Amino acid sequence: EPEVTQTPSHQVTQMGQEVILRCVPISNHLYFYWYRQILGQKVEFLVSFYNNEISEKSEIFDDQFSVERPDGSNFTLKIRSTKLEDSAMYFCASSLDSPGGNEQFFGPGTRLTVL
Amino acid sequence: AQTVTQSQPEMSVQEAETVTLSCTYDTSESDYYLFWYKQPPSRQMILVIRQEAYKQQNATENRFSVNFQKAAKSFSLKISDSQLGDAAMYFCAYQTSTSGTYKYIFGTGTRLKVLA
(Lines give C-alpha, C1' and ligand atoms only; values in the text may rest on other atoms or scores of the structure.)
Protein backbone atom coordinates (compact mmCIF):
# COMPACT_ATOMS: atom_id res chain seq x y z
CA GLU A 1 0.00 0.00 0.00
CA PRO A 2 1.42 3.41 -0.93
CA GLU A 3 2.75 5.49 1.95
CA VAL A 4 4.03 8.99 2.52
CA THR A 5 7.71 8.93 3.37
CA GLN A 6 9.84 11.57 5.10
CA THR A 7 13.56 12.08 5.43
CA PRO A 8 15.46 12.39 7.61
CA SER A 9 13.74 10.81 10.58
CA HIS A 10 15.76 13.01 12.94
CA GLN A 11 17.60 16.23 12.15
CA VAL A 12 19.82 18.06 14.60
CA THR A 13 20.92 21.56 13.70
CA GLN A 14 22.43 24.65 15.23
CA MET A 15 20.34 27.75 15.78
CA GLY A 16 20.49 30.02 12.76
CA GLN A 17 21.17 27.23 10.29
CA GLU A 18 18.94 26.35 7.36
CA VAL A 19 17.24 22.99 7.23
CA ILE A 20 15.27 21.24 4.53
CA LEU A 21 12.81 18.56 5.46
CA ARG A 22 11.85 16.21 2.67
CA CYS A 23 8.68 14.35 1.94
CA VAL A 24 7.59 12.02 -0.83
CA PRO A 25 3.78 12.11 -1.03
CA ILE A 26 1.69 9.33 -2.48
CA SER A 27 2.24 9.49 -6.21
CA ASN A 28 -1.21 10.36 -7.53
CA HIS A 29 -2.07 12.80 -4.76
CA LEU A 30 -2.58 16.44 -5.59
CA TYR A 31 -2.76 18.21 -2.24
CA PHE A 32 0.13 18.45 0.18
CA TYR A 33 0.40 19.63 3.75
CA TRP A 34 2.87 20.25 6.54
CA TYR A 35 1.95 20.03 10.20
CA ARG A 36 4.14 20.25 13.25
CA GLN A 37 3.94 19.11 16.86
CA ILE A 38 6.00 20.72 19.56
CA LEU A 39 6.63 18.21 22.36
CA GLY A 40 3.59 17.93 24.60
CA GLN A 41 1.47 20.22 22.45
CA LYS A 42 -1.09 19.83 19.69
CA VAL A 43 -0.37 18.90 16.13
CA GLU A 44 -0.67 22.24 14.31
CA PHE A 45 -1.32 23.01 10.68
CA LEU A 46 1.45 24.92 8.92
CA VAL A 47 0.66 25.05 5.21
CA SER A 48 -1.25 23.46 2.37
CA PHE A 49 -0.04 23.32 -1.22
CA TYR A 50 -1.86 22.65 -4.45
CA ASN A 51 -1.08 23.21 -8.10
CA ASN A 52 2.41 24.44 -7.28
CA GLU A 53 1.33 27.16 -4.95
CA ILE A 54 0.42 27.67 -1.33
CA SER A 55 -3.33 27.48 -0.85
CA GLU A 56 -3.35 28.29 2.85
CA LYS A 57 -0.82 28.98 5.56
CA SER A 58 -1.08 29.45 9.29
CA GLU A 59 0.25 32.27 11.41
CA ILE A 60 3.17 30.00 12.33
CA PHE A 61 4.25 29.85 8.70
CA ASP A 62 6.16 33.12 8.59
CA ASP A 63 8.85 34.34 6.20
CA GLN A 64 11.44 31.91 7.50
CA PHE A 65 9.42 29.00 6.15
CA SER A 66 8.99 28.01 2.54
CA VAL A 67 7.68 25.00 0.67
CA GLU A 68 8.51 23.65 -2.72
CA ARG A 69 7.70 20.80 -5.00
CA PRO A 70 10.96 20.74 -6.95
CA ASP A 71 10.07 17.73 -9.07
CA GLY A 72 7.19 15.36 -9.58
CA SER A 73 7.76 13.42 -6.41
CA ASN A 74 9.26 15.49 -3.60
CA PHE A 75 7.66 18.09 -1.37
CA THR A 76 10.01 20.05 0.86
CA LEU A 77 9.78 22.36 3.83
CA LYS A 78 12.66 24.79 4.27
CA ILE A 79 13.35 26.70 7.44
CA ARG A 80 15.84 29.43 6.60
CA SER A 81 17.22 30.41 9.99
CA THR A 82 16.19 27.96 12.65
CA LYS A 83 15.26 29.05 16.14
CA LEU A 84 15.15 27.04 19.33
CA GLU A 85 11.35 27.12 19.23
CA ASP A 86 11.34 25.39 15.85
CA SER A 87 12.26 22.16 17.62
CA ALA A 88 9.33 19.90 16.93
CA MET A 89 8.10 16.88 15.01
CA TYR A 90 7.18 17.86 11.47
CA PHE A 91 4.59 15.78 9.62
CA CYS A 92 3.98 15.81 5.92
CA ALA A 93 0.61 14.71 4.54
CA SER A 94 -1.01 14.32 1.17
CA SER A 95 -4.49 13.78 -0.17
CA LEU A 96 -5.90 12.84 -3.54
CA ASP A 97 -8.40 15.66 -3.52
CA SER A 98 -9.79 18.11 -1.06
CA PRO A 99 -13.51 17.99 -0.59
CA GLY A 100 -14.87 17.92 2.92
CA GLY A 101 -14.34 14.55 4.54
CA ASN A 102 -11.23 13.73 2.55
CA GLU A 103 -8.58 11.61 4.23
CA GLN A 104 -5.09 12.96 4.52
CA PHE A 105 -2.28 10.41 4.54
CA PHE A 106 0.56 11.21 6.89
CA GLY A 107 4.25 10.45 6.88
CA PRO A 108 6.07 9.20 9.99
CA GLY A 109 7.48 12.63 10.73
CA THR A 110 10.88 14.29 11.05
CA ARG A 111 12.03 15.19 14.51
CA LEU A 112 13.88 18.51 14.32
CA THR A 113 16.11 19.45 17.20
CA VAL A 114 17.57 22.96 17.21
CA LEU A 115 20.50 23.48 19.58
CA ALA B 1 -11.96 29.64 15.58
CA GLN B 2 -12.44 25.95 16.02
CA THR B 3 -10.81 24.10 18.90
CA VAL B 4 -10.47 20.43 19.79
CA THR B 5 -9.93 19.16 23.32
CA GLN B 6 -8.86 15.71 24.45
CA SER B 7 -8.93 15.69 28.21
CA GLN B 8 -7.35 12.27 28.76
CA PRO B 9 -3.58 12.34 28.18
CA GLU B 10 -3.34 8.61 28.84
CA MET B 11 -5.71 5.69 29.14
CA SER B 12 -5.22 2.01 29.89
CA VAL B 13 -7.41 -0.93 28.97
CA GLN B 14 -7.19 -4.63 29.55
CA GLU B 15 -6.93 -6.76 26.44
CA ALA B 16 -10.40 -7.78 25.18
CA GLU B 17 -12.09 -5.02 27.17
CA THR B 18 -13.76 -1.85 25.91
CA VAL B 19 -12.39 1.65 26.25
CA THR B 20 -13.77 5.06 25.35
CA LEU B 21 -11.60 8.02 24.43
CA SER B 22 -13.13 11.46 24.84
CA CYS B 23 -13.04 14.42 22.50
CA THR B 24 -14.89 17.70 22.59
CA TYR B 25 -14.75 20.51 20.10
CA ASP B 26 -15.98 24.00 19.59
CA THR B 27 -17.27 25.43 16.34
CA SER B 28 -19.88 27.76 14.95
CA GLU B 29 -20.17 25.81 11.71
CA SER B 30 -23.17 23.60 11.11
CA ASP B 31 -21.59 21.21 8.62
CA TYR B 32 -18.19 19.71 9.23
CA TYR B 33 -16.26 16.47 9.54
CA LEU B 34 -14.61 14.84 12.53
CA PHE B 35 -11.90 12.23 12.49
CA TRP B 36 -10.00 9.90 14.76
CA TYR B 37 -6.43 9.10 13.78
CA LYS B 38 -4.19 6.48 15.36
CA GLN B 39 -0.43 6.83 15.59
CA PRO B 40 1.40 3.64 16.62
CA PRO B 41 4.87 4.11 18.13
CA SER B 42 7.32 5.42 15.54
CA ARG B 43 4.76 5.05 12.77
CA GLN B 44 2.60 7.41 10.79
CA MET B 45 -0.88 8.50 11.71
CA ILE B 46 -3.57 6.42 10.07
CA LEU B 47 -7.26 7.10 9.81
CA VAL B 48 -9.43 5.13 12.21
CA ILE B 49 -12.86 6.56 11.58
CA ARG B 50 -14.61 9.68 10.32
CA GLN B 51 -18.00 11.26 10.98
CA GLU B 52 -19.98 13.72 8.92
CA ALA B 53 -21.77 16.18 11.16
CA TYR B 54 -24.96 16.20 9.15
CA LYS B 55 -25.31 12.45 9.57
CA GLN B 56 -27.03 11.56 12.80
CA GLN B 57 -26.00 7.93 12.64
CA ASN B 58 -22.78 7.19 14.48
CA ALA B 59 -19.96 5.89 12.32
CA THR B 60 -18.69 2.35 12.86
CA GLU B 61 -15.61 0.56 11.54
CA ASN B 62 -15.35 -2.99 12.84
CA ARG B 63 -14.33 -2.72 16.52
CA PHE B 64 -14.22 1.08 16.40
CA SER B 65 -17.29 3.24 16.79
CA VAL B 66 -18.03 6.81 17.72
CA ASN B 67 -20.57 8.46 19.94
CA PHE B 68 -21.28 11.73 18.16
CA GLN B 69 -23.32 14.22 20.16
CA LYS B 70 -23.64 17.27 17.94
CA ALA B 71 -25.47 19.46 20.41
CA ALA B 72 -22.92 18.72 23.12
CA LYS B 73 -20.05 18.99 20.60
CA SER B 74 -18.72 15.66 21.74
CA PHE B 75 -17.09 12.99 19.60
CA SER B 76 -15.86 10.01 21.61
CA LEU B 77 -14.20 6.90 20.23
CA LYS B 78 -15.11 3.47 21.54
CA ILE B 79 -12.77 0.56 20.99
CA SER B 80 -14.33 -2.82 21.64
CA ASP B 81 -12.45 -6.07 22.24
CA SER B 82 -9.17 -4.18 22.64
CA GLN B 83 -6.10 -5.78 21.12
CA LEU B 84 -2.41 -5.28 21.83
CA GLY B 85 -2.09 -3.68 18.40
CA ASP B 86 -4.48 -0.93 19.45
CA ALA B 87 -1.79 0.56 21.68
CA ALA B 88 -1.04 3.95 20.15
CA MET B 89 -1.57 7.67 20.39
CA TYR B 90 -5.07 8.61 19.28
CA PHE B 91 -5.79 12.04 17.87
CA CYS B 92 -9.19 13.60 17.44
CA ALA B 93 -9.37 16.05 14.54
CA TYR B 94 -11.81 18.61 13.18
CA GLN B 95 -11.67 19.35 9.48
CA THR B 96 -12.16 22.90 8.31
CA SER B 97 -11.56 25.04 5.27
CA THR B 98 -11.02 28.76 4.80
CA SER B 99 -9.56 28.69 1.32
CA GLY B 100 -11.14 25.68 -0.32
CA THR B 101 -8.41 23.39 0.94
CA TYR B 102 -9.35 21.37 3.96
CA LYS B 103 -7.01 21.16 6.94
CA TYR B 104 -7.19 19.43 10.30
CA ILE B 105 -7.34 20.94 13.74
CA PHE B 106 -6.08 18.35 16.17
CA GLY B 107 -6.46 17.68 19.85
CA THR B 108 -3.43 16.96 22.01
CA GLY B 109 -3.91 13.21 21.78
CA THR B 110 -4.60 10.34 24.15
CA ARG B 111 -2.01 7.64 24.64
CA LEU B 112 -3.72 4.26 24.90
CA LYS B 113 -1.99 1.41 26.67
CA VAL B 114 -3.34 -2.11 26.24
CA LEU B 115 -2.53 -4.49 29.07
CA ALA B 116 -2.12 -8.20 28.41
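Rounded to the nearest 20 debye, the dipole magnitude of the range B:3-115 is 140 debye, with +1 charges on Lys and Arg beta carbons, -1 on Asp and Glu beta carbons, and the Cα centre as origin. Using a simple spin-label model with pseudo-atoms 7 Å out from Cα toward Cβ, B:Asn62 and A:Met15 lie 4.7 nm apart.
Other protein chain C-beta atoms within 10 Å of residue C-beta, averaged over A:26-37: 1. Contact residues in the range A:39-55 (at least 20 Å² less accessible area with all protein chains than alone, 1.4 Å probe): A:Lys42, A:Val43, A:Phe45, A:Ser55.
When the range A:5-97 is described by a simple charge dipole with +1 on each Lys and Arg Cβ and -1 on each Asp and Glu Cβ, the residue from A:Ile79, A:Ser55, A:Pro8 located farthest towards its positive end is A:Pro8.
Reducing the range A:30-103 and the range B:58-116 to their Cα centroids gives an inter-centroid distance of 22 Å. Of the residues B:Ser74, B:Ser99, B:Ser82, which exhibits the maximal mean-square fluctuation in a Gaussian network model of chain B defined by a 10 Å Cα contact cut-off? The residue with the greatest mean-square fluctuation here is B:Ser99.
The HN-Hα couplings worked out from phi for the range B:99-106 by the Karplus form 6.51 cos²θ - 1.76 cosθ + 1.60 (θ = phi - 60°) are 9, x, 9, 8, 10, 9, 10, 9 Hz, whole numbers, x standing for Gly and Pro. Other residues whose C-beta falls under 15 angstrom from the C-beta of A:Phe32 contribute a net charge of -1, scoring Lys and Arg +1 and Asp and Glu -1.
Amide H contacts of B:Val66: B:Ala59, B:Lys78, each under 5 Å away and 5 or more positions distant or on a separate chain (H built 1.01 Å from N in the peptide plane; Pro and chain starts excluded).
Remark: spin-label model distance A:Asn102-B:Ser74 equals 3.3 nm, labels positioned 7 Å along the Cα→Cβ axis. Site pair B:Ser42 and A:Gln41 shows an inter-label distance of 2.7 nm when each label is modelled 7 Å from Cα along Cα→Cβ.
Our coupling estimate for the range B:5-20, obtained by passing each phi through the Karplus curve with A = 6.51, B = -1.76, C = 1.60 and θ = phi - 60°, is 10, 10, 8, 10, x, 8, 9, 10, 9, 6, 3, 6, 8, 10, 9, 10 Hz, Gly and Pro reported as x. Each of B:Tyr90, B:Ile79, B:Phe68 was scored by the projection of its Cα onto the charge dipole of chain B, and the greatest displacement toward the positive side belongs to B:Tyr90; charges sit on the C-beta of Lys, Arg, Asp and Glu.
Of the residues making up the range B:1-49, those losing 50 Å² or more of accessible area when the isolated chain is joined by the remaining protein chains, with a 1.4 Å probe, are B:Gln44, B:Met45. Phi angles across the range B:61-69 convert, under the Karplus curve 6.51 cos²θ - 1.76 cosθ + 1.60 with θ = phi - 60°, into 3J(HN,Hα) values of 9, 6, 7, 9, 9, 10, 10, 9, 10 Hz, Gly and Pro given as x.
Mean sequence separation of contacting Cα pairs (under 8 Å, at least six apart), scaled by the length of chain B, corresponds to a relative contact order of 37 percent. On a per residue basis, the protein assembly as shown carries 48 Å² of accessible surface, using protein heavy atoms and a 1.4 Å probe. Averaging the sequence gap over all C-alpha pairs within less than 8 Å and six or more residues apart, then dividing by the number of residues, gives the range A:5-97 a relative contact order of 39 percent.
With solvent modelled as a 1.4 Å probe, how much accessible area in total do chains A and B shield from it at their shared surface, in Å² to the nearest 100? Write out the running numbers ahead of the final one.
Details: alone 6610 and 6570 Å², together 11140 Å².
The summed interface area works out to 2000 Å².
In the range B:89-109, the residues that give up 50 Å² or more of accessible area when the other protein chains are added, compared with the chain on its own (1.4 Å probe), are B:Thr101, B:Tyr102, B:Lys103, B:Tyr104, B:Phe106, B:Thr108.
With a 1.4 Å probe and every protein chain kept in, tell me what percent of the accessible surface of the protein assembly as shown is carbon plus sulfur.
Values: 5160 of 11140 Å².
Here carbon and sulfur together make up 46 percent of the probe-accessible area.
Restricting the trypsin sites (Lys or Arg not before Pro) of the range A:33-115 to loop positions (DSSP other than H, G, I, E, B) with no more than 14 neighbouring Cβ atoms within 10 Å leaves A:Arg80, A:Lys83.
If you build the convex hull over the alpha carbons only and average its shadow over all orientations, what do you get for the range B:3-115? Give it in nm² to one decimal.
Numbers: hull surface 27.9 nm².
Result: a mean projected hull area of 7.0 nm².
Taking 12 Å as the straight-line reach from the Cα of B:Lys55, the aspartates and glutamates in range (excluding those fewer than 8 positions away in the same chain) are B:Asp31.
The values are calculated or read from the model by the stated rules, or taken from the named source; none is laboratory data. Remember, predicted model here, so these are calculated numbers, not experimental data. Every residue, glycine among them, receives a Cβ derived from its backbone with ideal geometry; neighbour counts consider all protein chains shown. Calculation scope for accessible area: heavy atoms of the full protein, side chains included, ligands and nucleic acids excluded. Shrake-Rupley method; radii C 1.70, N 1.55, O 1.52, S 1.80 Å.
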